[in-house]
Amino acid sequence: MFFNIFSYKQKKEDIVKKDVNNKNLSISVSHVSKIFKIPHEQRKTLKSFIFNLFKRNKYTELKVAEDISFNINEGEFFGIIGRNGSGKSTMLKMLAKIYQPNSGKISIKGRLSPFLELGVGFNPELSAHDNVYLNGTILGLTRKEIDTKFNEIIEFAELEEFVDHKLKNFSSGMQVRLAFSVAVQAHADIVLIDEVLAVGDYNFQQKCFDKFRELKQNGKTVVFVSHSMGNIEEFCDRVLLLDKGKISFIGSPKEAVHKYNILNILPEKNKNDKKSTVSVNNLEFKNSKNEKTQEFLVGDDIIASGKVDYGESDVNIRSRLLLGVGLYDEKNNLIIADSIRMIDELFDTKKFYFKISIPSIKTGIYQISISIRDLKSDEVYFEKFKSHKFYIQNITKTPAIISSGSFWHDNIEIIGLTRVRNESLIIQDTIDHVSKFVDKIIVLNDASTDDTLDKVYSHPKVIEVINNKIWKKDRAVEETESRQLLLEAGRKYNPKWFFYFDADERFIGDIKKYLLSKESLDINGIRISLFDAYITTNDKSPYRNGKLLNFRQYFGPERRDILMIWRNNPSVKFSGIDAREPFVDGKIITKFFSQHYGKSISIKQWEDTCDYYANNFPMYSTKWLNRKGKAVHLKSDFNRTLYPWESAIDNSIKIHPKK
Amino acid sequence: MKNNNKFNTNHNYWELIKELSFTDFKLKYERSILGYFWSLGKPLAYFMVLYVVFTSVFKLGDSIPHYPIYLLLGVVTFGFWAEATSAAMQSITSKGDLIRKVYFPRIILVISSTFTALLTFVLNMFAVFVFAIINGVNFNFGVLFILLYIFELYLFILGVGLALSSIFVKFRDLGHIWEVLNQILFYATPIIYPLSLVPIKYAKFQMLSPLAQVISDMRIILIGEGATLTTNDFWCFSWLPMIIVLITFIIGYIIFNKMSNSFAEDV
């Protein structure tokens, strides 16, 4: 009778098997959820049962898996990682059919190793011999199979002399060896492993690793749950990262491990933790008319303001903090997100303003999340997830688009890059000026000795500062390297365009409008025509804080068309000696103008500039020493007549690039 | 590699049942010098006590031919019932470790635990035969029909055991309740006394019990007509208890199937 029951089960499983139509699919998990009901008081005795009969049995529902879907291909070494309690072991147990999901379906093709741990069913009162047979049968081997493999098993476990000893007299190492030796004999197409390598000495672990490699070579499908990121990276082809029962990431091991590490340093609810003392207070949301409201129109701005309290956080960390604001729809899709640097080492609290321009989205309820994280390590210091609700109305006629934006910095389209050294006088004006056409700025500070760094830090458009503290002579190579560093730093924000500028340059033309228009779609690089401004006899007062644009009256006619703007392509690269311009493939045009004040801020600055070049660029040293004391010009450095700005453009003589 | 295409994890469940029940059997008499003989010794001692009390004090044996065998068969059979059901009841909870870590149809645990009791029972039955021969009982090959009744009883035990084991996971008081119920059942079943001593209106219902029916029918096969009354004597359908066995098994299986999904979480 009961044998029929088995064949019935068998049929049911055959049906499941047919569901996996894809030939290469080994495991298919679709929309699986699992809830544990944890009763507040377990009613296991008659007394408590009777006493509590009329009380409702209270329990906490714990979602250990929530709508999880993924596939594992045949022959894949698939890792599952996550923090404790993230649901990874539960997932493995569901794959092994030990737990049944509450909803969703798991389809498995191929023979599954049914065990998650070594030595299942081992009985300490039995001899090693009997335990091999017992454990082997539990793992699905027949008695005959064990008979033929018995010697091999005992040999692999290095336990030849102890076959008839009772297991309870074995050391834990011996037991694990025996267990592993049996386990490797179990034949399966899909092997599930749950942290088996936690035990055993070094040699034995190496043996296990060898066995892993063998499994991999033989094209077995392996599902591996581990806390050891080294093993995960070494063995896995693909990794699933679970967080609180949900899929956090699925993909390359390297990225998964990185994300796991980030998750791992998220603050647990520990009040003593110094980082948790960073907080955002006095949060307010206003519209562009400066009215406090919770209702907005598409096209309007949400202006968030608040104070950041750094608490007892490390002063060094404060300068790296990034404040992020994200707007989510009701289905938790991130619509738009942006972030700003929170730089203020001087005060304990800092007021911030933050503007989100509402894109064309559907009318509905939206929520805002605010977080503060370390821009270097991604460590999260403060998070208020969906704390504020807004009603956003779309009364425009344009169709609503739901941007599937899923990343911070989504609306950074142009990133400005600059290298600065002791630019205290002009840097504020420079960044203000450039901010008009770039979204964010990344600065490389080259060992400034004045307060340039403070000014850079305090500017909200600056999202990253690379700080070079050591000054090296012979700048030619250094300059190229610095620019490449800036470029690489900028790439992680994934902008459309890069714009490289120097602190002493002012730009003329609607650069932003052009870059974001259709006209520039096929353009890969833009050269900007740069003219030197000169101190002249009637125009020699030094620059004081103010606007540098159109500061001098006369400009040289020599025109340098310098490649300052380029599209964010992976092929773009700075190389060579003193390479101001990167190598850019594709169509390059010349557009816009630039006034260059390098030599004309003041007479003193002219002298300093001469010294600077003479000292740091040996190859130009004589040329610059000759220029000392000649700050006031009647003619250009190339001995040509000086012109007012407009005429300089009209009479321009191109000297760069030389053809 | 064999059986590559099989989906299931542990295709040879029969091997697993054998291995688990033999291990149980082995562990049960581990470190005891007389080993298995204790499992015969226990019902034998119980039988001796009952025999002395009921033949010399109550003079029950006089009306029944081969009363010692009559009594021994009843005691041994009931012993099988009691041991198997209580083993089945605990089969899931006692193997929690296995359930949390390996997948196989959970019914295997109930089957293998009752198999251990069945093994003991079969050995004990040989002893009963030896005593029967000594006692001068004449039997022929028809005695092999006893195997059919053993199978019926085993199916009944399995049905009850499946229900007990799954309920026991959530409700541990069942252990004590079952012990008390079994004591009552021992006296409610015509084991010591002949059914002829019971008023018919009660005896009628007693004989609906598959346990009573199996014991009575086995006695008739072994000792012969006149040994006891059977279900036939009270009901027109002698197979009525067999239907009860079948229904019990189906209900037990349904309960078990429904609850076994969460065994791994509950044990």
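The values are calculated or read from the model by the stated rules, or taken from the named source; none is laboratory data. Here the structure is a predicted model, which means the values were calculated and not measured. Virtual Cβ from ideal backbone geometry, glycine too; neighbours counted across all protein chains shown.
Taking the range A:69-175 as the region of interest, the helices (runs of 4 or more DSSP H) fully inside it that hold 3 or more residues being away from chain B (no Cβ under 14 Å) and crowded, with 18+ Cβ neighbours inside 10 Å are A:143-156. Among the residues of the range A:514-537, write down those that are in contact (Cβ under 8 Å) with a residue 12 or more places away in the chain, over 13 Å from A:Lys496 (Cβ atoms) and outside any strand (DSSP E or B). Within the range A:514-537, A:Asp522, A:Thr537 qualify. Pairing residues of the range B:160-175 that are basic (Lys, Arg) with residues that are surrounded by fewer than 22 Cβ atoms within 10 Å (Cβ to Cβ), at Cβ distances under 6 Å and at least 6 apart in sequence or on separate chains, gives B:Arg172/A:Lys44. Is it the case, given these coordinates, that B:Leu155 is within 12 Å of another protein chain (Cβ to nearest Cβ), in contact with a Gly (Cβ under 7 Å, 6 or more places away or on another chain) and closer than 26 Å to B:Met218 by Cα? For B:Leu155, the condition - within 12 Å of another protein chain (Cβ to nearest Cβ), in contact with a Gly (Cβ under 7 Å, 6 or more places away or on another chain) and closer than 26 Å to B:Met218 by Cα - is not met.
Is at least one residue of the range A:178-193 within 25 Å of A:Ile68 (Cβ to Cβ) and surrounded by fewer than 19 Cβ atoms within 10 Å (Cβ to Cβ)? No, because not a single residue in the range A:178-193 is within 25 Å of A:Ile68 (Cβ to Cβ) and surrounded by fewer than 19 Cβ atoms within 10 Å (Cβ to Cβ).
Listed here are the residues, each with its yes/no results for (1) surrounded by 16 or more Cβ atoms within 10 Å (Cβ to Cβ); (2) modelled with pLDDT of 85 or more; (3) closer than 25 Å to B:Ile111 by Cβ; (4) away from chain A (no Cβ under 11 Å).
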position	(1), (2), (3), (4)
B:Gln213	yes, yes, yes, yes
B:Met218	yes, yes, yes, yes
B:Leu222	yes, yes, no, yes
B:Thr228	yes, no, no, yes
B:Asp233	no, no, no, yes
B:Pro241	yes, yes, yes, yes
B:Ile247	no, yes, yes, yes
B:Asn261	no, yes, yes, no
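The criterion of being small (Gly, Ala, Ser) and within 15 Å of B:Trp81 (Cα to Cα) does not hold for B:Ala132. Look at (1) touching a residue at least 40 places away in the same chain (Cβ under 8 Å); (2) more than 24 Å from B:Ser112 (Cβ to Cβ); (3) charged (D, E, K, R) and you find that B:Glu179 fails only one, number (2). List pairs: first in the range B:53-71 and in contact (Cβ under 8 Å) with a residue 24 or more places away in the chain and closer than 16 Å to B:Tyr187 by Cα, second small (Gly, Ala, Ser) and assigned to a helix (DSSP H, G or I), Cβ under 7 Å, 6+ apart or cross-chain? Correct list of pairs: B:Phe54/B:Gly61. The condition of being at pLDDT 80 or above and touching a Gly at 6+ places or on another chain (Cβ under 6 Å) holds for only one of A:Ile441, A:Ile431, that being A:Ile441.
Kindly indicate whether A:Lys376 is in a strand (DSSP E or B) and modelled with pLDDT under 85. Here the answer is no, as A:Lys376 does not meet what is asked. Residues that are in contact (Cβ under 8 Å) with a residue 40 or more places away in the chain, farther than 24 Å from A:Phe352 by Cα, among the hydrophobic types (A, V, I, L, M, F, W, C) and in a loop (DSSP other than H, G, I, E, B) occur at least once in the range A:486-506.
Could you check the range B:16-122 for helices (runs of 4 or more DSSP H) lying wholly inside it with 1 or more residues that are more than 14 Å from every other protein chain (Cβ to nearest Cβ), out of contact with any helix residue (DSSP H, G or I) (no Cβ under 9 Å at 6 or more places or on another chain) and at pLDDT below 85? Ranges flagged: B:37-52. Being touching a residue at least 40 places away in the same chain (Cβ under 8 Å), under 17 Å from A:Asp130 (Cβ atoms) and in contact with a helix residue (DSSP H, G or I) (Cβ under 8 Å, 6 or more places away or on another chain) is not true of A:Ala157.
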